[in-house]
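Below: the structure, in structure tokens.
The values are calculated or read from the model by the stated rules, or taken from the named source; none is laboratory data. Nothing here was measured: the structure is a model prediction, and the numbers come from that model. Every residue, glycine among them, receives a Cβ derived from its backbone with ideal geometry; neighbour counts consider all protein chains shown. The area values use the complete protein model at the heavy-atom level, side chains included, leaving out ligands, DNA and RNA. Shrake-Rupley method; radii C 1.70, N 1.55, O 1.52, S 1.80 Å.
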Amino acid sequence: MNENLFASFMIPVMLGIPITTLIIMFPTMLFPTPNRLINNRMTTIQQWITKLTSKQLMVTHNPKGQTWSLMLISLLLFIASTNLLGMLPHSFTPTTQLSMNLGMAIPLWTGTILIGFRNKTKMSLAHLLPLGTPTFLIPMLVMIETISLFIQPLALAVRLTANITAGHLLLHLIGSATLALMSISLFTALITFIILTLLVILEFAVALIQAYVFTLLVSLYLQNNT
């Protein structure tokens, strides 16, 4: 274990050059393009899961929203594979960086908002003012709704960053405690090791769930603007 609690969240550097780009590109190797007439079992399972998730995300969208299906599925696969990559020992999780998550959230959110103002201008503006609002409250409510609208991409990025970071920190702390207890009490160390194993399984689930939640929220923003 690293002595520094936040060492695993530092951007890795090789020969003085950040290698974050190479790490981000690495998960794409986990999804090979099939070039055979009959796929193997791994490729078949990947395609089945991708098709099932795509159908679930796009079932409530109209034809205009369904044009985003490829982008949303690519986003889901990218975030999920990146989160799972961070579970490997001595690895780096790019989604623990708020700057990267904002880089994904802001363009996607902006795209959905622009589509809404282009296709449903009146409805998009009507969302800024609830129906039946008293006249003297209109300026305040418009300001509040506008602020809440601009907070959406920040909430997307912070939610993903906080969940992934918290899980990694908890694993780091319990792992350090397990190593420290091995020289004090083997029985207590065994209990903490069992807890650590269960948390690792939970963190794998969280890595996939957070990828789905991020993509689902983008899909909901798109649905409200198409």
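Odds and ends about this structure:
- Among the residues of the range 68-100, those identified as in a loop (DSSP other than H, G, I, E, B) and either more than 13 Å from the chain's Cα centre (by Cα) or surrounded by fewer than 18 Cβ atoms within 10 Å (Cβ to Cβ) (or both) are W68, M87, L88, P89, H90, S91, F92.
- Residue match in the range 206-215 (condition: polar (S, T, N, Q) and either farther than 22 Å from M71 by Cα or open to solvent by 40 Å² or more (accessible area, probe 1.4 Å) (or both)): no
- Inter-residue pairs, beta-carbon under 8 Å, first under 13 Å from L85 (Cα atoms) and in the range 195-206, second in a helix (DSSP H, G or I) and open to solvent by 90 Å² or more (accessible area, probe 1.4 Å), 6+ apart: none
- Scanning the range 65-99 for residues that are touching a residue at least 12 places away in the same chain (Cβ under 8 Å) and of a type in the set (V, I, T) turns up I73, I79, T82, T93, T95, T96.
- Residues of the range 107-145 that turn out to be surrounded by fewer than 12 Cβ atoms within 10 Å (Cβ to Cβ) and assigned to a helix (DSSP H, G or I), as a count: 11
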